[in-house]
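Below is one structure, written out as C-alpha cells; comments come after it.
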Amino acid sequence: MKRIKQFVYNSDINRFRFYFQIFAFGLLMYGGYLAIDISSNLPTFACPFVGKGRGGTCYLYPLQHQVNMPLAQFISGRGLSLLTGLVTFILLFILFNKAWCGFACPLGTIQDWITKLRSKLGTRYSTYSEGAFKGLKNIKYILLALLILLTMGMSNAVPGIGKLSEDFMTPYCMICPGRTVLPIFNGDIKQLVVDFSSKTKLTLTALGMAVTGAFVVGAFAKKRFFCLFCPMSALQYIFSKIGLLRLIKDGPKCTKCGNCYRVCDVGIKEIADDVVNRNIVQDDCMMCFKCVAACPEEKCLDVRFLGMPVYRSTEKGFFKRMEGKGKNGN
Amino acid sequence: MKYFAGIDIGSTAIKIVLIDESGNIVAYQISPTGSHFQRNTLECLATLLARTGIKKEGVAYMISTGYGRKLFKEADESISEITANAVGAQMIGKAYGTVKTIINIGGQDSKVILIDDAGHVKNFTMNDKCAAGTGRFLEMTARNLGVEVDELGDLHLNAKGTPLNINSTCTVFAESEIISLLANSHEREEIIAGVHYSIARRIVRLAKRIGIEDMVFFDGGPAMNRGLVASMEDELMRSIIVPEIPQITTALGAAVIARESFLAEGEKVHA
Amino acid sequence: MEIERLERIKKTTAIHLAMEAKETLKKITEDFPDNPDAMGYFYSLFHKFCTDRGMLNSSKKLIGTMCLQVPYELIYAAGAVPVRLCSGAYAYDQIGAEFMPTKSCSLVKATLGMLNVNQSQYIDLLDVVVIPTTCDQKKKTSDMLKDKGFRIYNLEMPSVKDTEEGRLYWQRSVKKFALTLQKVTGQKITKRRLVESIKKISRARSEFRRLYNLRKQSPVSIWGKDVFLVTNAYFFDDIERWTDALTKLNNELEGRISEGISVANRHAPRILFVGSPVIFPNLKLPILIEQSGGIIVTDEVCSSSRLLYDFVTFDEANLYDMIPAVADRYLKPCTCPCFVKNEDRKRKLKEMVKEFGVDGVIYQAFSGCHLYEMEHKAVGAMLETDGIPMLYIETDYSPEDTGQLSTRIEAFMESLKARRRNRG
C-alpha cells in the first residue's frame, strides 16, 4: 500500500493529465459513435453542436432550454425537470469538483495543446501585472447571469421591451467558442459563419466569431485565457465548497516560495499567499494540480477525495520530477 | 545523618553551606578566595567541618558553583551560579513573599535572574564584561575615602546633603573623579551616596533588558550595604527583599540541589 | 619596502589562520567521540582550505559571491564556478578592523580582511565579485573593494519581497546579471545548460534535505558542529564532489539510526540555532553548546539551512520561464532579516520548533549587526507564546568571551533540563 502511495506521489501529474485529457477529449468528442452518452448535464463543455459523435452534453445547453419558460411554470412539471437537471449537474460536479475543468473539458484541452505548441516554438507567453485581470474576472458571473436572464426574457415580457426574439435561441451557445471550434474536430466547419438572417442572429454570430478569434489568439498568448471568462466555471464555483474532491493547504508548512503561483496557468496568487485557509480552491482554479507537483514541501498541498489523500506534494516526488525535466519535451 | 555541601567559589570570597537531610542549614563558612583558590577552598571546607564536628565521609554529595567551579575537582558535580542562585533565593525568599526577580551583585560581576513560580530560571542577563557596578567599585571607593567597605552603608545614610553625581561608567575613571571631588572638599558621605546611586542605576539598566517583576530579591556581598539597598529601592521604585546573610544564597542553592540530586539518585537505585 | 611589509602581514596572518583552524578542528574531532567516518572527507577539506589557498584554482572562471541571494544556477550555466567569500576567521577579522568602524559586523570585517591581505591573488583569481545589496555593511563593503581594484558587480536587491514591484525589480536585476555573466565568461547561457545546472544544484539540495530530515528523529545521529562543517564546505567545494560526499554521509547516518547509535545523551536538550551565520573556523557557539550537553538538531542561518533548503522549479524549459523561476527562488522564500516585514522567518521558526521537537532556541547576533539584533525581541516574543525559551547571545569572532558565554549556555541548558524533568 505504501509503495503504491509513493509511486502515485512521485509521479508526474502533468504527464498523466496530458494523456487523460486526450482520453476525455476522445470520449466527449467521439464517444457517441460508440453509443456512449455519459449525461446530458455535464459540468464541462461537451458541445451539442458536435452532433452524433458527442459522448455527453454540456449542462449550459439544457439549462438554457429549461429556463426558457414563463415564470408561472417554474412551479410545475417543467419546473421539476429544471430541478432534476440541476441536481444531476451538481451530483456530477461534486464528484470531481473543479477537476472537470483541468482534466476533462475539451476547450481546456485545446487551449493546453495550443500552449504546448507555443512552448515548443520557444515563443514567450505574455505577462501581466498581478491586478490586471482582477476586474475582468467578474465577466464570467455576468455571462452566467445573462445566459439565464436573456433566455428567461424569451418567455417572459421584459418591462419596456416585451418578449425577446426567439432568434436568441440559446444565447450563450451563440457566442461560445465551443460551438465554433469543437465541431471542426469532427470535420464540420458549418458553424464558422456569420448569420445575416436577422439583426439578433447577426449580432450574436458576429460576436461568436470574435470570441472564437479571441479564444485562439488568447490561448496562444496566455495559458488558459478563456477560462477566466467561462460561465461554466462561475456556475461550478458556487457549489465547489461541497465538492468531494478537495485541494487542502497546510499553511504553516508553506515557505512562500511561490512555485505554485508561478506554474499556475490561471494565475491564482492565493495558492501561494494564503497561509491561513485550508480549502484553497478559488473561482478560477481548474484543479489541474500543477501547483501540487511544483511544491517542494512535504504534505503542504494535499488533494483529498472524501477526506482521503490521493495526491500530495512530497520532497521525493518533487525531486524525481525535477530529474525528469528537460526530457520528454518537459 | 547525611549532609550536603554547596561550594560557591567567587572572585572575592569562597562560601560553603552545609545542610542536613531535612534541608535545614547546619553551618556556613566564608573565606577569601585569594590566588590559590583550589587550596583555599579545601581549607575553608576543612575549617567548616572541624567547627561542626562533621566528618568528610558524612558529606554525601558536594556541588561546586561560581567562577572557579570547573577547576575544583573534589566536588561531585558543578552547576552554573545562575541556577544555584535561583534555587537559594527562592527558598530564603519564601519567608518574605514570592520572589520573581533576583539581583545579585558579586565581587566582579552582577546578574539579574527572572524565576517562575516553581523557582526555575525563566530568563537572565549578566554584566560580566567590566567591573563597574560590582563589589570592586565599592572596594575602590572605600580605599580612596580611607574607610572600611562595611562602613559605607552607615556613612551614606548619615549624608546631610544631596548625593553627588558620579558620571564615569568605568571603575578606573570613576576613581579619578572621586579623587578630584575630595580635592574640592566635597563631603565623604555625599560622594559615597553618589557611588551607590551610580551602581543602582547601572543595575536597573541591566535589569530592564529582561524586565523586573515583584518581589525583587537582592543578594551577594554588597547587599549587606544598607546605603546601597536604599539606592536600589529608589531606582527600582519598589521595596526589595534582602536576606540576613546575602553572601551565602548561591552556596545554599547549590547545597539544596546537591541534596535533591542525591535523593533522586537513591530513588533510582532502589526503584 | 611596501612589498616586504605586505609579505610579512601575509605570512603572520596565514600562521594565525592556520592555528585558529587547527584549534577548531581539534575541538571538533577530539572533544567528541564517535564521529561518522564519512565526516573524514570534510575534516580534511577544511584542513586543506586553511593551509593552502591554492586549492581555489580552477580551470573555469571563478565568480566570488557574498550572501546567499546570488543565483548559482546562472553562474554554472555560464560556464563559471561560484565561490562564497564570507569569512569566519578571527585572524582576518583583526586585519579588517584596521579600516572598519569599531562597532561593525565581524563577518564583514573578516571578509574585507581576507580580501585585503591576499589582494593581488584574489583580484587575479576572481573574475568578478558579486555582492547583493542586502545589508548596509555589505553595500559599503562593495564600495571599499572597488577602491582596492576588485571588479565588483552590485546585484540589486529589493528591500520588500512581498510586493509585485519588488518581485519584478528582482527579476529584472537577475536578468541583467545573467547578461553580464555571459559577457564575463564569454559563454552563452543556453536553455540546455541552464536546465542542467538547475538539476545539478537540485541534487545537492535534495541530499541536504535528507540530512535535514534525518536530524528530526530522536536520538540524533550527528552533531550540529559536523553539519555546519558540511554546509560550510558548500561555499567552495566542487558541487558534484560535495554531493557525493554528503550522500555517503547520509547513508552512514541512516545505518547508524537503524542500529540505534546516537551521539548525544537521550536527555540532551534539542537546540535550534538561529541568527548570524556560523562560518569555519568560528564554530565557537556550536561547540560550546554541544560541550555543555545540548545538541543542535537544526538551524536557521545563512551559512547552513537557509543556503540549501529551497528548490527551484519551472513550468517551461525555456529561458523566459527559467530565469524568472531561478530569480524567484532566491527572493521569495528568503528569510534573511534584510527584508522589511520578515513574517516568513517567524513562521518558519515556529514550524521548525514543531517538526524537530526543539527544547530551546539559541539566537546568535554579531555585535554591530543591527538586523539580527533588532529582530531578536520579536522572535523571542513569538517563541515565548509557544512556550519555548530563547537565549540571546551577542558576540563576535574573538575568543575572549568564551568563559562568560559558557556560563550563560550552561545555565540555559540547566534550565531546559529542569523544564523537561517537570514536564515528566
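The values are calculated or read from the model by the stated rules, or taken from the named source; none is laboratory data. Values in this document were obtained by computation on a predicted structure and should not be read as measured data. As a convention, Cβ positions derive from the backbone with ideal geometry for all residues, glycine included, and neighbour counts pool all protein chains shown.
Answer with yes or no whether C:I75 is modelled with pLDDT of 95 or more and either part of a helix (DSSP H, G or I) or of a type in the set (K, R) (or both). Don't jump to the end; show me each part of the working.
Numbers: modelled with pLDDT of 95 or more: yes; either part of a helix (DSSP H, G or I) or of a type in the set (K, R) (or both): yes.
Judged against the criteria, C:I75 is a match.
Among the residues that make up segment A:223-230, is at least one of them over 30 Å from A:E315 (Cα atoms) and part of a loop (DSSP other than H, G, I, E, B)?
Of segment A:223-230, the ones over 30 Å from A:E315 (Cα atoms) are A:225-230.
In the following step, the residues that additionally are part of a loop (DSSP other than H, G, I, E, B) were identified as A:225, A:230.
There is at least one residue in segment A:223-230 that is over 30 Å from A:E315 (Cα atoms) and part of a loop (DSSP other than H, G, I, E, B).
Among the numbered criteria (1) outside the structural domain of B:A132 (by TED's automatic domain parsing); (2) modelled with pLDDT of 95 or more, which single criterion is violated by B:I102?
With respect to (1) outside the structural domain of B:A132 (by TED's automatic domain parsing); (2) modelled with pLDDT of 95 or more, B:I102 is out only on (1).
Looking at (1) farther than 23 Å from A:G102 by Cβ; (2) in contact with a Pro (Cβ under 8 Å, 6 or more places away or on another chain), which is the only condition A:K52 fails?
(2)
When you scan segment A:259-330 for helices (runs of 4 or more DSSP H) that lie fully inside it, which ones turn up with 2 or more residues that are within 14 Å of chain C (Cβ to nearest Cβ) and more than 24 Å from the chain's Cα centre (by Cα)?
The helices (runs of 4 or more DSSP H) meeting that bar are A:315-323.
Given the condition touching a residue at least 60 places away in the same chain (Cβ under 8 Å), away from chain A (no Cβ under 14 Å), buried (at least 20 other Cβ atoms within 10 Å of the Cβ) and over 30 Å from B:S80 (Cα atoms), answer yes or no: does some residue in segment C:349-371 qualify?
yes
I'd like to verify a number: residues in segment C:348-369 that are within 19 Å of C:L68 (Cβ to Cβ) and out of contact with any helix residue (DSSP H, G or I) (no Cβ under 6 Å at 6 or more places or on another chain), how many?
4
Taking helices (runs of 4 or more DSSP H) that do not extend beyond segment B:139-219, which have at least 2 residues that are among the polar types (S, T, N, Q) and more than 18 Å from B:G107 (Cα to Cα)?
B:171-183
Please go through segment B:11-33 and pick out each residue that is modelled with pLDDT under 90 and of a type in the set (G, A, S).
Hits for segment B:11-33 are B:S11, B:G23.
Taking segment A:231-258 on its own, how many of its residues are within 14 Å of chain C (Cβ to nearest Cβ) and not in a loop (DSSP other than H, G, I, E, B)?
Keep residues of segment A:231-258 that are within 14 Å of chain C (Cβ to nearest Cβ), which gives A:249-258.
So of that shortlist, the ones also not in a loop (DSSP other than H, G, I, E, B) come out as A:249, A:251-253.
Within segment A:231-258, residues that are within 14 Å of chain C (Cβ to nearest Cβ) and not in a loop (DSSP other than H, G, I, E, B) number 4.
Tally the residues that are within 14 Å of another protein chain (Cβ to nearest Cβ), free of Cβ contacts under 8 Å to residues at least 60 places away in the same chain and farther than 16 Å from C:D244 by Cα, restricting the search to segment C:197-221.
Selection size over segment C:197-221: 2.
Restricting to segment B:53-70, name every residue that is surrounded by fewer than 24 Cβ atoms within 10 Å (Cβ to Cβ), in contact (Cβ under 8 Å) with a residue 40 or more places away in the chain and either within 14 Å of chain C (Cβ to nearest Cβ) or in a helix (DSSP H, G or I) (or both). It would help to see each step written out before you state the result.
The first filter runs over segment B:53-70 and keeps only residues surrounded by fewer than 24 Cβ atoms within 10 Å (Cβ to Cβ), leaving B:53-61, B:67-70.
Narrowing the set further to residues that are in contact (Cβ under 8 Å) with a residue 40 or more places away in the chain leaves B:54, B:58-61, B:67-69.
Once the filter is applied, which keeps residues that are surrounded by fewer than 24 Cβ atoms within 10 Å (Cβ to Cβ), in contact (Cβ under 8 Å) with a residue 40 or more places away in the chain and either within 14 Å of chain C (Cβ to nearest Cβ) or in a helix (DSSP H, G or I) (or both), segment B:53-70 yields B:G58, B:Y67, B:G68, B:R69.
Which one of these is in contact with a helix residue (DSSP H, G or I) (Cβ under 9 Å, 6 or more places away or on another chain) and at negative phi: B:A258, B:A207?
B:A207
Tell me which residues, restricted to segment C:410-424, are touching a residue at least 24 places away in the same chain (Cβ under 8 Å) and within 9 Å of chain B (Cβ to nearest Cβ).
Scanning segment C:410-424 gives C:E410, C:F412, C:M413, C:S415, C:R419.
Spot the failing condition for A:I142; the list is (1) under 22 Å from A:R179 (Cβ atoms); (2) of a type in the set (A, V, I, L, M); (3) not in a helix (DSSP H, G or I), and only one is missed.
(3)
Restricting to segment A:79-123, and then to whatever is of a type in the set (V, I, T) and touching a helix residue (DSSP H, G or I) at 6+ places or on another chain (Cβ under 6 Å), can you tell me which residue is surrounded by the most Cβ atoms within 10 Å (Cβ to Cβ)? Give the steps one after another, and end with the answer.
Restricting attention to segment A:79-123, the residues satisfying the condition of being of a type in the set (V, I, T) are A:84, A:87-88, A:90, A:94, A:109-110, A:114-115, A:123.
So of that shortlist, the ones also touching a helix residue (DSSP H, G or I) at 6+ places or on another chain (Cβ under 6 Å) come out as A:90, A:94, A:109, A:114.
Numbers: A:I90: 18, A:I94: 17, A:T109: 22, A:I114: 20.
The selected residue is A:T109.
What's the number of the only condition in (1) farther than 19 Å from B:A27 by Cβ; (2) assigned by TED's automatic domain parsing to the domain that holds B:G23 that B:L48 fails to meet?
The failed condition is (1).
Test each condition in (1) within 26 Å of A:G26 (Cβ to Cβ); (2) of a type in the set (D, E, K, R); (3) part of a helix (DSSP H, G or I) for A:K137 and report the one that comes out false.
(1)
For C:S159, work out the one condition from (1) within 26 Å of A:A272 (Cα to Cα); (2) touching a residue at least 60 places away in the same chain (Cβ under 8 Å); (3) crowded, with 17+ Cβ neighbours inside 10 Å it doesn't fulfil.
That leaves (3) as the condition not met.
Return only the number of the condition from (1) within 12 Å of chain B (Cβ to nearest Cβ); (2) part of a loop (DSSP other than H, G, I, E, B); (3) touching a Ser or Thr at 6+ places or on another chain (Cβ under 8 Å) that C:D401 does not satisfy.
C:D401 satisfies every listed condition except (2).
Mind listing whichever residues of segment C:127-174 are aliphatic (A, V, I, L, M) and either within 18 Å of C:P82 (Cα to Cα) or touching a strand residue (DSSP E or B) at 6+ places or on another chain (Cβ under 9 Å) (or both)?
Hits for segment C:127-174 are C:V128, C:V129, C:V130, C:I131, C:L145, C:I152, C:L155, C:M157, C:V174.
When you look at C:D321, is it surrounded by 23 or more Cβ atoms within 10 Å (Cβ to Cβ) and of a type outside the set (A, V, I, L, M), yes or no?
So C:D321 fails the test.
Could you tell me how many of the residues in segment B:74-94 are in a loop (DSSP other than H, G, I, E, B) and either within 11 Å of chain C (Cβ to nearest Cβ) or touching a residue at least 24 places away in the same chain (Cβ under 8 Å) (or both)? Spell out how you get there, then give the answer.
Restricting attention to segment B:74-94, the residues satisfying the condition of being in a loop (DSSP other than H, G, I, E, B) are B:74-76, B:79-80, B:94.
When the remaining residues are screened for being either within 11 Å of chain C (Cβ to nearest Cβ) or touching a residue at least 24 places away in the same chain (Cβ under 8 Å) (or both), the result is B:74-76, B:79-80.
Qualifying residue count for the region: 5.
Test each condition in (1) facing another protein chain (nearest Cβ under 9 Å); (2) crowded, with 21+ Cβ neighbours inside 10 Å; (3) hydroxyl-bearing (S, T, Y) for C:Y309 and report the one that comes out false.
If we test C:Y309 against (1) facing another protein chain (nearest Cβ under 9 Å); (2) crowded, with 21+ Cβ neighbours inside 10 Å; (3) hydroxyl-bearing (S, T, Y), just (2) comes out false.
State all residues of segment A:184-212 that are over 24 Å from A:R54 (Cβ atoms) and not hydrophobic (A, V, I, L, M, F, W, C); if no residue qualifies, say none.
Passing the criteria: A:S197, A:S198, A:K199, A:T200, A:T203.
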